1. Looking only at the stretch 144-194, how many residues end up being among the acidic types (Asp, Glu), touching a Pro at 6+ places or on another chain (Cβ under 6 Å) and modelled with pLDDT of 95 or more?
2. Within the group Gly70, Gly51, Gly86, which residue is out of contact with any Gly (no Cβ under 7 Å at 6 or more places or on another chain), at positive phi and free of Cβ contacts under 8 Å to residues at least 24 places away in the same chain?
3. For residues that are among the hydrophobic types (A, V, I, L, M, F, W, C), free of Cβ contacts under 8 Å to residues at least 12 places away in the same chain and either touching a Cys at 6+ places or on another chain (Cβ under 7 Å) or surrounded by 12 or more Cβ atoms within 10 Å (Cβ to Cβ) (or both), tally how many sit in the stretch 89-105.
4. Can you tell me which of Ile96, Ile112 is among the aliphatic types (A, V, I, L, M), at pLDDT 95 or above and outside any strand (DSSP E or B)?
5. Six or more apart or on different chains, Cβ under 9 Å: which pairs go from a residue in the stretch 150-162 that's touching a residue at least 60 places away in the same chain (Cβ under 8 Å) to one that's assigned to a loop (DSSP other than H, G, I, E, B) and surrounded by 13 or more Cβ atoms within 10 Å (Cβ to Cβ)? Could you list them?
Amino acid sequence: MKSNLIPRLLFSLILSVSISFSAKAQMITISGYFNKSNGQPVEGVPVIVNGDQLTLSGVDGFYSFEVPEGGDYLIEPYWNDNVWDGVTTFDLILFIQHLLGVVPFDDPFDYIAADVNMSCSLSALDILGMRKVILGVSPNFPNAPSWRFFEANVPFPDPMNPCGAPNEYINLEDVMADLADVNWTAVKIGNLNL
């Protein structure tokens, strides 16, 4: 009988200690903003954390969520709705002017927005993809979501190379305190006239 008592006491002690630790887990807040490169806020961005959607950005682009402290959190916004929103014939004209060298892009996010097939180069294939969306022939861009999101204030290795873009995710490890200013630059694919 004594031999059964010791394992039961040990199990009860371990269980009570683990319950007390989990009951005392502190919550922390992670927050930030989604803005276009011109500073305009973006509403309705789904904020995906460790594979689960936790919240949406508000009218002012602000988002906030609570998670247990001490965890690792991978934040990956993803939005593929309203692909045609903001994409017009004027965007095609701006793209063609860039390709012809008449008015070259001067913002690295213009390169990303124009690369609608995510080939890491700008060509007539991107123009064709934009045209199909504008005319309603295609419901999506080839190989690209309608929005892409990049960690804000991270410099491009080569600002005129869309393949050199900063990460489209933020990996936070062993977070022990609230984090504000986990900000993003939002790029509407195909929209070149911000």
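The values are calculated or read from the model by the stated rules, or taken from the named source; none is laboratory data. Given the structure is predicted, the values throughout are model-derived calculations rather than measurements. Glycine gets a Cβ as well: all are built from the backbone with ideal geometry, and neighbour counts include every protein chain shown.
1. 0
2. Sole residue among the options that is out of contact with any Gly (no Cβ under 7 Å at 6 or more places or on another chain), at positive phi and free of Cβ contacts under 8 Å to residues at least 24 places away in the same chain: Gly51.
3. Of the residues in the stretch 89-105, 1 are among the hydrophobic types (A, V, I, L, M, F, W, C), free of Cβ contacts under 8 Å to residues at least 12 places away in the same chain and either touching a Cys at 6+ places or on another chain (Cβ under 7 Å) or surrounded by 12 or more Cβ atoms within 10 Å (Cβ to Cβ) (or both).
4. Ile96
5. Ala152/Pro166; Ala152/Val182; Ala152/Asn183
Table: residues versus (1) more than 21 Å from Pro41 (Cα to Cα); (2) surrounded by 11 or more Cβ atoms within 10 Å (Cβ to Cβ); (3) in contact with a Ser or Thr (Cβ under 7 Å, 6 or more places away or on another chain); (4) charged (D, E, K, R).
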position: Asp107; (1), (2), (3), (4): no, yes, yes, yes
position: Ile112; (1), (2), (3), (4): no, yes, no, no
position: Leu135; (1), (2), (3), (4): yes, no, no, no
position: Phe141; (1), (2), (3), (4): yes, yes, no, no
position: Asn153; (1), (2), (3), (4): no, no, no, no
position: Gly164; (1), (2), (3), (4): yes, yes, no, no
position: Ile170; (1), (2), (3), (4): no, yes, no, no
